[in-house]
Amino acid sequence: MPRIERTATVEWQGSVARGAGTITADTGAFSALPFTLPSRIGDPEGKTSPEELLAAATAGCLAMSLGSELARDGTPPGRLEVHCRIVMDEVTGEGHQIVGAELTVRAEVEGASEDALGAALARADEGCPFSTLLRKAGATVTVTLRS
């Protein structure tokens, strides 16, 4: 696989407490997604946050990795749904840190047993760069298969 590079641009105005910003993908896939500190730590009020974007990226990575593993097994998925919750908490002496990622996977895969799905999911998680990144950073990553 070739080296992959993607970029985004954030514009921020004002202080952290009272300011506001936008996040734009340099590809044009999304633009001017609003975020603020209050929407980051409280009610999102229709705004995003870096943690939400990390959750989306992590779920997307695992879905693609699982799709690849299932296809390699000869049982390509009909449908995959991956939900990710990113958890940030205060860590003593380190401030607020990403401490966990909880992924829940629903898979519609014709011809794959529960054991085969579980094995493919374990390989997918192991091969997902986002799961690896989070674990290397000290976060706990859990992956659960739901029927």
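If the requirement is being surrounded by fewer than 12 Cβ atoms within 10 Å (Cβ to Cβ), among the small types (G, A, S), modelled with pLDDT of 95 or more and in contact with an Asp or Glu (Cβ under 9 Å, 6 or more places away or on another chain), which of these qualifies: A124, A120, A32?
A32
If I ask for residues that are part of a loop (DSSP other than H, G, I, E, B) and buried (at least 17 other Cβ atoms within 10 Å of the Cβ), which ones from region 127-147 would you list?
C128, A139
When you go through M64, M88 one by one, which is the residue that is at pLDDT 95 or above and either assigned to a helix (DSSP H, G or I) or at positive phi (or both)?
When all the criteria are applied, what remains is M64.
If the Cβ limit is 7 Å and pairs must be 6+ apart or interchain, which residue in region 82-111 that is farther than 18 Å from S49 by Cβ pairs with which residue that is of a type in the set (D, E, K, R)?
As it stands, the answer is T104/R146; V105/R146; R106/E81; R106/R146; E108/R79, since those pairs meet every condition given.
From the set of residues in region 68-87 that are out of contact with any Ser or Thr (no Cβ under 6 Å at 6 or more places or on another chain) and crowded, with 18+ Cβ neighbours inside 10 Å, which is nearest to R135 (Cα to Cα)?
I86
Suppose we filter region 99-110 for residues that are more than 12 Å from the chain's Cα centre (by Cα) and surrounded by 10 or more Cβ atoms within 10 Å (Cβ to Cβ); how many remain?
Total satisfying the criteria: 6.
May I ask you to verify whether G93 is surrounded by fewer than 13 Cβ atoms within 10 Å (Cβ to Cβ), modelled with pLDDT under 95 and in a loop (DSSP other than H, G, I, E, B)?
For G93, the condition - surrounded by fewer than 13 Cβ atoms within 10 Å (Cβ to Cβ), modelled with pLDDT under 95 and in a loop (DSSP other than H, G, I, E, B) - is not met.
The values are calculated or read from the model by the stated rules, or taken from the named source; none is laboratory data. Bear in mind that the values here come from a model prediction, so they are computed numbers and not experimental data. Note that each Cβ is placed from the backbone with ideal geometry, even for glycine, and that neighbours are counted across all protein chains shown.
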